[in-house]
Amino acid sequence: MVPAREALALLREGNRRFVDDLRNPESLHARRIELAAGQAPFAAILGCSDSRVPVEIVFDQGLGDLFVIRVAGNIVAPSQIGSIEFAADRFGTRLVVILGHSNCGAVATTLQQLKSPRERQSRNVRAIVDLVRPAVESLLTSEFKDDLPALIRQAVRANIRASVRNLRHGSEIVRHLIQNDGLLVVGAEYSLDTGEVEFFDDIE
Ligand SMILES: [Zn+2]
């Protein structure tokens with residue numbers, strides 16, 4: 001474990017390097033000046049908080065390119081929907097990607113809770129589990145129920161699809177933009193093993 005003060009020092013040093021780089025005229029200098037005046041991210045990504053799936057790195061994008069929302073389990077709750085409405089409305093972003101990933105801890109925790117709901121759980125964690133649960137519950141009685149890796153694989157995908165559905169139908173603004181203004185909401189899964197992102201093909 002990295003002690004908190006050391007962690008803070010790592011962030012400070014990292015930001016110093018970043019700022020040095022920004023000052024370098026051959027580097028990001030011009031882009032920073034341009035972005036200080038406003039942003040127009042070309043995609044919004046709702047991803048998981050997992051440290052192994054840093055969205056800008058995974059898609060090889062830089063400053064000002066992506067509007068990123070990250071929450072454990074890439075769940076769609078009101079504040080996530082609000083963030084996406086904000087990006088679509090203010091910045092004209094027309095692509096939203098729900099990005100889940102293999103071996104998602106939030107999904108695994110939800111399956112565990114469903115299998116043996118004994119531990120006491122903070123109500124804040126439960127708020128996440130409760131949003132993942134409806135998508136994965138039925139898998140516990142499916143053909144995958146005794147094969148944990150397969151179960152998690154299926155549950156991750158089911159959770160991504162549920163988030164896509166919840167976003168498409170959970171907001172009047174999003175629904176309107178999809179129908180009338182070219183907004184696209186797609187699901188995708190990142191593989192921790194290969195680094196590849198597979199986009200789901202059920203684009204409406
Ligand atoms: Zn995750």
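Please treat every number below as a calculation from the coordinates, not as lab data. Since this is a predicted model, take the numbers as computed values, not measurements. Glycine also receives a Cβ, built like all others from the backbone with ideal geometry; neighbour counts cover every protein chain displayed.
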**OP:** Specify which of the listed residues (27, 51) is within 16 Å of the ligand (Cβ to nearest atom), part of a loop (DSSP other than H, G, I, E, B) and either closer than 30 Å to residue 162 by Cβ or in contact with a helix residue (DSSP H, G or I) (Cβ under 8 Å, 6 or more places away or on another chain) (or both).
**Re:** 51
**OP:** Would you check which residues across region 171-191 are more than 14 Å from the chain's Cα centre (by Cα) and of a type in the set (A, V, I, L, M, F, W, C) and list them?
**Re:** 173, 174, 177, 178, 183, 184
**OP:** Pull up region 98-112, narrow it to residues that are buried (at least 24 other Cβ atoms within 10 Å of the Cβ) and either under 30 Å from residue 182 (Cα atoms) or basic (Lys, Arg) (or both), then point me to the one that is farthest from the ligand (Cβ to nearest atom).
**Re:** 98
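Which count do you get for residues in region 61-71 that are under 22 Å from residue 131 (Cα atoms) and surrounded by fewer than 18 Cβ atoms within 10 Å (Cβ to Cβ)?
Count: 1.
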Subject >> Enumeration of residues in region 149-187 that are closer than 13 Å to residue 104 by Cα and touching a residue at least 12 places away in the same chain (Cβ under 8 Å) >> reply: 151, 152, 153, 154, 155, 156, 157, 158, 159, 160
**OP:** Would you check if there is a residue in region 78-92 being crowded, with 19+ Cβ neighbours inside 10 Å, within 14 Å of residue 42 (Cα to Cα), of a type in the set (A, V, I, L, M) and in contact with a Ser or Thr (Cβ under 9 Å, 6 or more places away or on another chain)?
**Re:** yes
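Working carefully through the options 57, 75, find the one that is within 16 Å of the ligand (Cβ to nearest atom) and surrounded by fewer than 18 Cβ atoms within 10 Å (Cβ to Cβ).
Numbers: 75 fails: surrounded by fewer than 18 Cβ atoms within 10 Å (Cβ to Cβ).
The conditions single out 57.
Please find, among 162, 150, 155, the residue that is within 16 Å of the ligand (Cβ to nearest atom), more than 15 Å from the chain's Cα centre (by Cα) and of a type outside the set (Phe, Trp, Tyr).
Numbers: 162 fails: more than 15 Å from the chain's Cα centre (by Cα); 150 fails: within 16 Å of the ligand (Cβ to nearest atom).
The conditions single out 155.
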